[in-house]
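**Q** Sending over a structure as structure tokens; questions will come in a sec.
The values are calculated or read from the model by the stated rules, or taken from the named source; none is laboratory data. Because the structure is a prediction, the values reported are computed rather than measured. Neighbour counts run over all protein chains shown; Cβ positions are idealised from the backbone, glycine included. Remember, those area values only see protein heavy atoms, side chains included, never the ligands or the DNA or RNA. Shrake-Rupley method; radii C 1.70, N 1.55, O 1.52, S 1.80 Å.
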Amino acid sequence: MGQSLMYSFIAIMWVLILAGGGILVTAVSKISVQGYGEDLDFLIASAIKAAIALVLVVFWIVILTKLKNKIFQKQISA
């Protein structure tokens, strides 16, 4: 029972990693800013993309931490 929970945690971790990469590549990479000059447009768009990537990373870490706590809590009580 304990090993199956650990394997499910690893599987969910990989799903989140792949989903996050897919979201970043398909949605976030299309973000562009225009109207502030060529150099500033690139800088603003890059800052927006970096902020979105950081939010996604924090979101994935929170999900995985909650999932890990539930798995280990079940293993300790079993």
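**Q** How high is the relative contact order of the chain, given as a whole-number percent (alpha carbon pairs under 8 Å, six or more residues apart)?
**A** Values: 25 pairs, mean separation 31.2, N = 78.
Reported relative contact order: 40 percent.
**Q** When ligands, DNA and RNA are left out and all protein chains stay put, how many square angstrom of accessible area per residue does the chain have with a 1.4 Å probe?
**A** Numbers: 5960 Å² over 78 residues.
Heavy-atom accessible area per residue stands at 76 Å².
**Q** While we're looking at this one, here's another question. What number in nm² do you get for the chain if you take the convex hull of its Cα atoms and divide its surface by four? If you can, show how the numbers build up before the last one.
**A** Working: hull surface 21.7 nm².
Across all orientations, the chain yields a mean hull projection of 5.4 nm².
**Q** Okay, next question. Measure nothing but the geometry: give the 0 to 90° angle between the long axis through the Cα atoms of 2-26 and the longest principal axis through the Cα atoms of the chain, rounded to 10°.
**A** In the chain, helix 2-26 runs at an angle near 10 degrees to the longest axis.
**Q** A further question follows. Report the gain in length on full extension from residue 29 to residue 46: 0.36 nm times residue separation, minus Cα-Cα distance, nm rounded to one decimal. All intermediate terms of the calculation are to be shown ahead of the outcome.
**A** On the way: separation 17, 0.36 × 17 = 6.12 nm, distance 0.94 nm.
So the chain would gain 5.2 nm between residue 29 and residue 46.
**Q** Further, regarding this structure: What's the angle, to the nearest 10 degrees (0 to 90), between helix 38-77's Cα axis and the longest principal axis of the chain?
**A** 10
**Q** Any chance you could run the full-extension gain for residue 8 through residue 65? It's 0.36 nm times the residue separation minus the Cα-Cα distance, nm to one decimal.
**A** Details: separation 57, 0.36 × 57 = 20.52 nm, distance 1.37 nm.
Between residue 8 and residue 65, full extension yields an extra 19.1 nm.
**Q** A follow-up question, please. What is the percent carbon and sulfur in the accessible area of the chain, measuring with a 1.4 Å probe over the protein chains and ignoring ligands?
**A** Numbers: 4360 of 5960 Å².
Answer for the chain is 73 percent, counting heavy atoms of protein chains only.
**Q** Go through 27-38, 57-68 and give me the packing order, highest mean Cβ count within 10 Å leading. Please report the intermediate quantities before stating the final value.
**A** Numbers: 27-38: 10.6, 57-68: 12.3.
Result, highest mean Cβ count within 10 Å first: 57-68, 27-38.
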